[in-house]
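Written below as structure tokens is the structure these notes are about.
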Amino acid sequence: MSITRTGIIGRNRVFAWIGLGTGIVLLVPAVAMQLTRQVNWTAADFIVMGVLLFGSASVFVLVARRVPRKYRVAIGVFFALALCYVWAELAVGIFTNLGS
């Protein structure tokens, strides 16, 4: 039995696109740091955010490969909400004291 992978999620090349997207998203605070003093990220901030973005997108792809196509949107929404929650929690600590 052979498994055929169709679409962008089925190809391993998707991880290169995730890496490129992560780099582009991380350019936003890097450029903002040059324009204003209100954005003050350290190298650790860039590393944590890069791992968070690349990791959550990669895990989504791996999970989406295993589930039926009709559940991918729901799983994508779940991963997006989880990413936003962790990001906000690390930034300002909404429910815990992690970001403070």
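Observations
- Applying a threshold of 7 Å to beta carbon distances and a minimum spacing of six or more residues, or different chains, the list of pairs starting in the stretch 20-43 at a residue that is at pLDDT 95 or above and ending at one that is assigned to a helix (DSSP H, G or I) reads Thr22/Gly50; Thr22/Leu53; Thr22/Phe54; Val25/Leu53; Leu26/Phe46; Leu26/Met49; Leu26/Gly50.
- For the stretch 51-70, residues that are within 22 Å of Arg13 (Cα to Cα) and either of a type in the set (Val, Ile, Thr) or open to solvent by 40 Å² or more (accessible area, probe 1.4 Å) (or both) total 12.
- Boolean, Ala74 is under 27 Å from Ala44 (Cβ atoms) and assigned to a helix (DSSP H, G or I): no
- Residue match in the stretch 84-96 (condition: open to solvent by 70 Å² or more (accessible area, probe 1.4 Å), hydroxyl-bearing (Ser, Thr, Tyr) and under 14 Å from the mean Cα position of the chain (by Cα)): yes
- Residue-level check: of (1) open to solvent by 80 Å² or more (accessible area, probe 1.4 Å); (2) within 20 Å of Phe78 (Cα to Cα), Ile18 misses just (1).
- Of residues in the stretch 77-99 being over 19 Å from Trp41 (Cα atoms) and β-branched (Val, Ile, Thr), the one modelled with the highest pLDDT: Val77
The values are calculated or read from the model by the stated rules, or taken from the named source; none is laboratory data. Note that the structure is a prediction, hence the values are computed from the model and not measured. Every residue, glycine among them, receives a Cβ derived from its backbone with ideal geometry; neighbour counts consider all protein chains shown. When the accessible area is computed, the model is the full protein with side chains, heavy atoms only, and any ligands, DNA or RNA have been set aside. Shrake-Rupley method; radii C 1.70, N 1.55, O 1.52, S 1.80 Å.
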